[in-house]
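The values are calculated or read from the model by the stated rules, or taken from the named source; none is laboratory data. Remember, predicted model here, so these are calculated numbers, not experimental data. Using ideal geometry, Cβ is built from the backbone for each residue, glycine included, and neighbour counts are taken over all protein chains shown.
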Amino acid sequence: MSKYTGIRSSGVALVLLAMAFLLVVGQAGAVERKPVSVSMIHPVQGGLSGTDAGVLPAATRAVTVPRLTPAGAESYGAMKDEASYAPASGNAELLPVPAGPEPLTSDVATSFVGLDRPGAANNGIVFFPPDTIVAKSTTKVLEAVNSAVRMFSTVGAVAQTKDLNTFFGASTANGILFDPKVYYDRNAANRRFYVVALQQKSDPKVSRIWLAVSRSADPTNLDAANWCRYNLEGKRNISTADESWADYPGLGAGADALMITANQFTFSAENFTYAVIRVLNKTTLSNNAAACPSVPIFTFQASGTKGDGTAFTLQPAQHYSSPSSFTSTTNPAYLVSTVFGTSNIYRVWQIRNVAGGSPTLRSLNLTGAFTYSVQPNAAQSGSATLLDTGDNRMMQVAGIGNSLFAVHGTGCNFAGGAPESCARFVKITVGQAAGGALTASLAKQNTFGGGPGAFYFWPGIAANNRLQVVVPFHRSSASSFLSSYWTMKDDAAATFESASRNTVGTCAQTLSGRTGDYIGAQTDPSDFTSFWVAGERATTLVGACQWQTQIQKIVPGELLPLPIAPD
């Protein structure tokens with residue numbers, strides 16, 4: 001989970017919302033940024049003093065990952081309530097969910113239960129929300145949640161489970177690890193799993209970014225011998241009033257760049273300061289079969305303005321195949337972001353020349369055909385507790401060649417009533433002009449939801465070699481429980497197909513309004529065609545309504561789009 005969801009601010013809040021309106025198209029393309037720091041990181045040696053068997057000491061069990069109340073006059077929840085309304089322009093497609101048997105537009109080849117909240121299933125760590133994310137190698141499926149990781153076979157047999165602190169060799173004295181991201185990189189000579197998680201403590205001030213890289217394409221288990229582990233500094237502006245910790249990581253990779261992004265928040269007042277990109281040479285990092293290498297890390301700051309909502313949550317692309325190189329631009333890797341609040345602007349960022357040792361960051365803005373906004377929270381059956389749907393930050397980006405496929409949440413409106421939460425999809429084509437400038441264009445745009453009173457939120461995305469995409473998402477309404485669905489789209493199709501079930505809720509989730517901050521999708525590296533998705537539902541476990549995750553493999557069949565025009 002993100003310990004603190006969204007931008008937190010008191011005085012900064014109004015500035016951010018105002019900047020969403022004042023962003024000038026083209027403004028971002030004028031500056032090419034160099035790293036603000038370059039350092040060397042070294043592999044973590046050994047385990048947790050003999051506790052690397054996968055279970056934390058008994059005294060540390062039954063821990064609930066905290067969600068602290070931000071200081072200051074205006075909380076994130078209040079900001080979101082103020083910002084929630086139907087967008088000023090643009091229509092959303094209706095993607096109904098099946099009332100009975102599902103249409104056979106695509107085939108679910110495999111489906112099995114993942115991790116769930118009760119501590120017995122997660123090595124004693126009790127936490128919410130899940131933040132489920134999935135990755136797939138040739139023979140293994142890797143799922144991570146707050147605060148555990150599990151390795152499965154491709155048919156769901158459990159190979160091993162570890163809590164994240166044990167997996168990384170991270171002492172619990174500095175906090176329980178959270179916000180895990182996993183990714184399997186098929187676009188490399190050395191195919192590898194990558195795992196990232198965060199650690200934060202306010203007194204003393206600690207912020208660590210933990211990174212693990214498998215030492216083979218198909219590791220047999222989660223033991224330390226099969227992984228190289230790294231402990232990165234997460235603090236910025238150390239020993240100043242703006243000293244901050246890293247939140248909400250993004251994980252992506254290009255041909256030779258591994259990108260880890262984060263939003264930085266001050267320890268004192270939980271104010272957003274800067275979005276930061278930490279870039280490592282993936283080629284060096286993955287050359288680890290014989291020994292775990294040391295590797296330089298290049299740190300970029302996306303904006304020079306503290307609290308800049310036009311540079312918030314830079315989501316790195318997971319490039320399944322490499323985008324083109326150009327003159328003076330070797331092996332570029334891309335990121336995409338939205339503007340916090342209400343806008344129609346998308347920002348494309350490019351990291352280039354990582355292997356050469358002098359990478360730079362540049363960006364430009366694109367204007368979309370839909371005015372997106374922060375979405376309202378979701379109703380659920382049987383309870384007045386509203387489910388947190390997050391904000392309009394970019395959620396996940398998939399790359400195939402020079403095409404980027406990205407999704408995020410937005411406010412929307414059906415039938416003129418109260419606003420709902422919808423999912424927004426864009427396809428962006430990137431390139432370079434003859435004079436060397438970065439170019440990008442919006443090739444496709446779709447916004448979809450479930451209709452009046454239905455809420456779609458936390459979308460993820462993956463793309464395959466046919467340029468088909470899968471988008472998993474959460475759904476809830478006053479007449480249904482927290483559930484997970486997915487939809488697909490052919491590149492040539494105008495709209496997405498009807499929603500299909502992943503897992504359906506059975507009870508009202510009243511532990512909190514938190515449902516996580518993301519779910520994820522990955523393309524299968526074995527065939528580069530099928531997809532793996534992870535989602536969650538609210539269901540009764542150990543006598544209480546809690547969360548449970550579900551993992552599915554989806555083999556695209558004939559895609560039958562709805563006959564509704566896109567926005």
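Restricted to strands (runs of 3 or more DSSP E) entirely inside the stretch 493-562, those with at least 1 residues that are surrounded by fewer than 21 Cβ atoms within 10 Å (Cβ to Cβ) are 500-503, 531-541, 544-556. Could you go through the stretch 280-289 and let me know if any residue there is assigned to a loop (DSSP other than H, G, I, E, B), surrounded by 24 or more Cβ atoms within 10 Å (Cβ to Cβ) and among the charged types (D, E, K, R). Checked the stretch 280-289: no residue is assigned to a loop (DSSP other than H, G, I, E, B), surrounded by 24 or more Cβ atoms within 10 Å (Cβ to Cβ) and among the charged types (D, E, K, R). If you check 188, 170, 157 for being surrounded by fewer than 24 Cβ atoms within 10 Å (Cβ to Cβ), in contact with a Ser or Thr (Cβ under 7 Å, 6 or more places away or on another chain) and either farther than 17 Å from residue 525 by Cα or touching a residue at least 12 places away in the same chain (Cβ under 8 Å) (or both), only one passes: 188.
For the stretch 546-567, a residue qualifies if it is modelled with pLDDT under 90 and either more than 22 Å from residue 152 (Cβ to Cβ) or of a type in the set (Val, Ile, Thr) (or both), and the qualifying residues are 557, 558, 559, 560, 561, 562, 563, 564, 565, 566, 567. Test residue 152 against the criterion of being among the aromatic types (Phe, Trp, Tyr), at pLDDT 95 or above, out of contact with any Pro (no Cβ under 9 Å at 6 or more places or on another chain) and farther than 24 Å from residue 281 by Cβ, and give yes or no. So residue 152 passes the test.
Answer yes if at least one residue in the stretch 292-310 is buried (at least 24 other Cβ atoms within 10 Å of the Cβ) and of a type outside the set (A, V, I, L, M, F, W, C), and no otherwise. There is at least one residue in the stretch 292-310 that is buried (at least 24 other Cβ atoms within 10 Å of the Cβ) and of a type outside the set (A, V, I, L, M, F, W, C).
If we scan the stretch 413-432, do we find a residue that is in a strand (DSSP E or B) and over 30 Å from residue 350 (Cβ atoms)? Yes: one or more hits. I'd like to check something: does the stretch 213-226 contain any residue that is surrounded by fewer than 19 Cβ atoms within 10 Å (Cβ to Cβ), in contact with a Pro (Cβ under 6 Å, 6 or more places away or on another chain) and not in a strand (DSSP E or B)? Checking the stretch 213-226: at least one residue is surrounded by fewer than 19 Cβ atoms within 10 Å (Cβ to Cβ), in contact with a Pro (Cβ under 6 Å, 6 or more places away or on another chain) and not in a strand (DSSP E or B). Going by what's in this entry, would residue 486 be described as in contact with a His (Cβ under 8 Å, 6 or more places away or on another chain), touching a residue at least 60 places away in the same chain (Cβ under 8 Å) and either of a type in the set (S, T, N, Q) or crowded, with 19+ Cβ neighbours inside 10 Å (or both)? So residue 486 fails the test.
Of all the criteria given as (1) in contact with a Gly (Cβ under 6 Å, 6 or more places away or on another chain); (2) without any contact (Cβ under 8 Å) to a residue 40 or more places away in the chain, the one not satisfied by residue 520 is (2).
The single condition from (1) crowded, with 24+ Cβ neighbours inside 10 Å; (2) closer than 26 Å to residue 42 by Cα that residue 356 fails is (1). In the list 383, 403, 373, 421, which residue meets the criterion of being of a type in the set (Ser, Thr, Tyr) and within 30 Å of residue 283 (Cα to Cα)? The unique qualifying residue is 403.
Against the conditions (1) surrounded by 21 or more Cβ atoms within 10 Å (Cβ to Cβ); (2) within 21 Å of the chain's Cα centre (by Cα); (3) closer than 16 Å to residue 262 by Cα, residue 236 satisfies every one except (2).
Take residue 406 and tell me if it is within 21 Å of residue 487 (Cβ to Cβ), part of a strand (DSSP E or B) and aliphatic (A, V, I, L, M). Against the criterion (within 21 Å of residue 487 (Cβ to Cβ), part of a strand (DSSP E or B) and aliphatic (A, V, I, L, M)), residue 406 qualifies. When restricted to residues that are surrounded by 19 or more Cβ atoms within 10 Å (Cβ to Cβ) and charged (D, E, K, R), the stretch 191-212 contains 2.
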